[in-house]
Amino acid sequence: MDFPGVYKISIPQGNIITQEMVDQLRPGMTKRQVIFVMGTPLVRDPYHQDRWDYVYNFQPGGGERGQERLSVLFENDQLVSLSGDFEPTPEADS
């Protein structure tokens, strides 16, 4: 039963990920530099310390739940690749 006028709040959880943040990431960046741009990752797998997962869950008030993900991979403490729901825009590569 829905009551008229009942306000349902939006529920964000995790790391907010924006295209602007992803566009600042460059191959060769250190883990500290990635944290400066993206914040501390939500998930750090103790068995795969060179993979960080950024996850953002959101549910607009009463709406359908959504999720955005970005996995960041490092080799020798340097960023080597990204995968997930975001990719750097071509203009950001130049």
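The values are calculated or read from the model by the stated rules, or taken from the named source; none is laboratory data. Model, not experiment: these values are computed from the prediction. So basically every Cβ, Gly included, is an ideal-geometry build from the backbone, and we count neighbours across all protein chains shown.
Listed values, structure above:
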read-out: Residue identified as among the aromatic types (Phe, Trp, Tyr) and at pLDDT 95 or above among Phe74, Phe86, Phe58; value: Phe74
read-out: Meets criteria (surrounded by fewer than 12 Cβ atoms within 10 Å (Cβ to Cβ), touching a Ser or Thr at 6+ places or on another chain (Cβ under 8 Å) and modelled with pLDDT under 75) for Gly5; value: no
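Okay, residues lined up against (1) surrounded by fewer than 17 Cβ atoms within 10 Å (Cβ to Cβ); (2) without any contact (Cβ under 8 Å) to a residue 40 or more places away in the chain:
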{"position": "Val22", "(1), (2)": "no, no"}
{"position": "Arg32", "(1), (2)": "yes, yes"}
{"position": "Ile35", "(1), (2)": "yes, yes"}
{"position": "Asp45", "(1), (2)": "yes, yes"}
{"position": "Gln49", "(1), (2)": "yes, yes"}
{"position": "Gln59", "(1), (2)": "yes, no"}
{"position": "Gln67", "(1), (2)": "yes, yes"}
